[in-house]
Structures are given as structure tokens and as C-alpha cells.
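The values are calculated or read from the model by the stated rules, or taken from the named source; none is laboratory data. It should be emphasised that the depicted structure is a prediction, and the values quoted were computed from it without experimental measurement. Ideal geometry is used to build each Cβ from the backbone, glycine not excepted, and the neighbour counts take in all protein chains shown.
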Amino acid sequence: MPELPANLPDWISAISQLLLVLIFVALFTGANQRLQVYLWSRDIRAKLNILEAFAGEARKKTLEYMASSGAKEAESTLKRLTDFFVISPVDIEPVDIIRRLEHLVNLRQRRFKEEVAKIMPESDDVVRSKAEVAVEITSALTFISKFVRHLLLTGEKTRNWILIMQLQLLMPLILKMADTYRRALYDFLKGVPIGDSAGPMVALRLAGVDASWERIEEETVYTVKRIDGREVYIVKAEGPGSSVGRPGSATERLIEKLVAGGKKPRLLITVDAALKLEGEESGSVAEGVGAAIGDIGPEKIRFERVSVKYGIALRAVAIKMSLEEAILGMNEKIARGVEKAVETVRSMISRESREGDVVVVVGVGNTVGVGQ
């Protein structure tokens, strides 16, 4: 066995002291922090490239779909709609804010429909609705990539390592959400029911395949069904195109019409998809009180106002699912949840109303792939 140099301990001590000095200098000058920020920035840029690829893929797929449907000037229209924005109404003065918000939301929707109809004059409403959703998804993915780039460049410009650290920690969640939108685009263009179609599917299952539907509001229909001796009015968005309709205003109009005819409803039930908590089972069904609708305000408040005005019990049925499940093609668990929700609604009607009563059931959600 070879002998170790006699001065080896001195060398080890010298190297240790040198490393300690280098570590101290790095901590004192912030070099370690700059290195960490550099590594975080590289990781963010790598994921940002993926986000931009998602946006580019969505843009390409949308243009291909429009072109295959005979669209003209699709590229310039898509660019214009991708950057389209809505300025929120003044909220420092809350008087009439719901009506102002509803007006702006309706203007935006109308603008999208008009632009798509202009470049696709020979397509039917279902094809146009798919194109509108494709534009919405492209717009969302484009905004996500732009916003991430903005935060990264702002953090680098201001040397804000906390901002860059927070962004790097959030990137996996942002990337997952963007990937879900990207995959959802293909399901929407195929026209298959998605998780959020659970509410309209419950309405369709209650009504039956032989039901006769009548339009009561823009892209919103209703029918009447006898269930356990009750006269049940069922409302849903008009399908099978991609639309959520106007369930709140449609229900308000229907109830006003019923009350004027001497048929005041005893019960108003809203059915919608709801985001589950981690650990909850997808497709599980829960009951509650209030309006089950993921609306920013204008439609939801109509349910609340009309129920208060006429003293109607406002009940909710929620079908639990993740965000990913809500916007992707409906899976088996959600389909089973729809059947559970149908039985829950039937049970609720029997428990909370009497024979001869009038009941209104609203299937809230995107009706893509769900006809009538």
C-alpha cells in the first residue's frame, strides 16, 4: 500500500479554507443568488417555448378548420380576434353594474359571432360555433404565453429574483393548464360532449329523446315533461353546437310567463359541473342551495332575483370534476355522474314538491355534442 504524502493534511486544510473563502465571497457578493436566478430563468424559458408551441399549434389547427369550412380571410380575422379584449365596467359606482357587465359580455359574444359568420357565410351554426371556440382557445393560449413572457422579462429587467422564483414554481401548473386547453381544442372540433356538458345531458336525459323543444332565448331551449305527477319545465342551451346559451335570462323569462298564466313554480333546480377538490371522486354528485352556474354575474343573478321575487325554492345539483375533465371529452366517471344527477333531480322533485306542482329544471353548461 503506497504511503500518503506527509503534507496531505496541510493541503486538505488549505483547500477547505479556500472553499470557505469562496463561499463567503459568493454570499457577500450575491453570486450564488445570480446563479440561481439564471437557472430559474433558463427553466422558465424552456417552458415558455412549450407554451408558445401550444399557441402556435392551436392557431394552425384553427386556421385549418376554418379553411376546410370555406372561410375567407381567416388569418387576419383570427389575429384580430386573438387580441380582442373587454374593459371591465366601473365598479366604484355599483349601481346597475350587472346590467353594464351583461351588456359588455353580450357585445363581445355578438362581435365574435359576427366576425366568424362574415368569413364563413356558407357554414351552418354548429360549424361556426366550433370555429368560435377554436378562436377562444387560441386567444387563451396566446395570452398565457404573452403573460408568462411579460413576468419573466419584468423580473429580469428589475432583477426581482422573488418574482422569477414564484414564476418558476408556478410554471408546472401553468403548463398543465395550457396543455389541457390545447387538448380541449381537438375535442371541441370533433364535436364530442365535454365534462361541462354534464348539465345539458342531465336535462336531455330528464326530457327523453321524444321531447319537443322550443326556443325561448338566444341559443336556449325548453320543453315540458310530466315527472311523478309534476309539470316539469326543462331548460338547456341549444345543441349540438358549442354554446352555453343564456340560461339565467331564459329561466327568468319562462318563470315570468308561467306566473302570468297562473302557474307559479314551487321549485327551481339548477344542475351544473363543479370543480372538485383534490381527493374527491370525479363524477360524485352533491346537493346545495343557490344557483349552480359558473357565471361572472349577469346570468347567475337572474336565477337569484326571480326566485326571490316569487318565493321559489332555489336548489342546486353539482357534478364534481377537475378542470381538465371539465373541458376535455367526457369520460366514463363523468357519464356515470350524469346518471346519478338525473336520479338526484328526480328524488329532489319528489321530496320537495307535491303532485300538480310546477317545477323548473335548468341544465347549465356547454352543450357541445348534446342535441335535443
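Let's see how each residue does on (1) modelled with pLDDT of 95 or more; (2) over 18 Å from Ser347 (Cα atoms); (3) hydrophobic (A, V, I, L, M, F, W, C):
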site	(1), (2), (3)
Gly195	yes, yes, no
Gly199	yes, no, no
Leu204	yes, no, yes
Ala211	no, yes, yes
Thr220	yes, yes, no
Glu231	yes, no, no
Pro240	no, yes, no
Val244	no, yes, yes
Pro247	yes, yes, no
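Of the listed requirements (1) surrounded by fewer than 16 Cβ atoms within 10 Å (Cβ to Cβ); (2) more than 13 Å from Val362 (Cα to Cα), Val224 misses just one: (2).
Going by the conditions given, is Arg230 farther than 30 Å from Glu57 by Cα and without any contact (Cβ under 8 Å) to a residue 24 or more places away in the chain? Walk me through how you get there before you give the answer.
Numbers: farther than 30 Å from Glu57 by Cα: yes; without any contact (Cβ under 8 Å) to a residue 24 or more places away in the chain: no.
The answer is no for Arg230.
Just one residue in the set Lys79, Lys61 is at pLDDT 90 or above and surrounded by 14 or more Cβ atoms within 10 Å (Cβ to Cβ); that residue is Lys61. In the set (1) assigned to a strand (DSSP E or B); (2) of a type in the set (A, V, I, L, M); (3) free of Cβ contacts under 8 Å to residues at least 60 places away in the same chain, Leu170 fails one condition alone, (1). Restricted to the range 313-330, and to residues there that are in contact with a Ser or Thr (Cβ under 7 Å, 6 or more places away or on another chain), touching a residue at least 60 places away in the same chain (Cβ under 8 Å) and part of a strand (DSSP E or B), the residue that is surrounded by the most Cβ atoms within 10 Å (Cβ to Cβ) is Met321.
Regarding the range 344-359, can at least one residue be identified that is in a strand (DSSP E or B) and crowded, with 24+ Cβ neighbours inside 10 Å? So far as the range 344-359 goes, yes, one or more of its residues are in a strand (DSSP E or B) and crowded, with 24+ Cβ neighbours inside 10 Å. In this structure, does Asp187 turn out to be of a type in the set (Asp, Glu), in contact with a strand residue (DSSP E or B) (Cβ under 8 Å, 6 or more places away or on another chain) and in contact (Cβ under 8 Å) with a residue 60 or more places away in the chain? Yes. Restricting Ser249, Ser307 to residues that are small (Gly, Ala, Ser), in contact with a Leu (Cβ under 6 Å, 6 or more places away or on another chain) and under 17 Å from Ile98 (Cβ atoms) narrows the list to Ser307.
When Ala318, Ala273 are checked against the criterion of being in contact with a helix residue (DSSP H, G or I) (Cβ under 6 Å, 6 or more places away or on another chain) and at pLDDT 95 or above, a single residue qualifies: Ala273.
What about Leu267, is it closer than 22 Å to Glu355 by Cα and touching an Asp or Glu at 6+ places or on another chain (Cβ under 6 Å)? Considered against the rule, which asks whether it is closer than 22 Å to Glu355 by Cα and touching an Asp or Glu at 6+ places or on another chain (Cβ under 6 Å), Leu267 comes out as yes.
Scanning the range 64-73 for residues that are modelled with pLDDT of 90 or more and surrounded by 18 or more Cβ atoms within 10 Å (Cβ to Cβ) yields Tyr65, Met66. Do we have any residue at all in the range 124-135 that's over 13 Å from Ser242 (Cα atoms), in contact with a helix residue (DSSP H, G or I) (Cβ under 9 Å, 6 or more places away or on another chain) and in contact (Cβ under 8 Å) with a residue 24 or more places away in the chain? No.
Just name the residue that is nearest to Ser129 (Cα to Cα) out of those in the range 201-224 that are of a type in the set (Asp, Glu) and without any contact (Cβ under 8 Å) to a residue 12 or more places away in the chain. If we take residues in the range 201-224 being of a type in the set (Asp, Glu) and without any contact (Cβ under 8 Å) to a residue 12 or more places away in the chain, then Glu214 is nearest to Ser129 (Cα to Cα).
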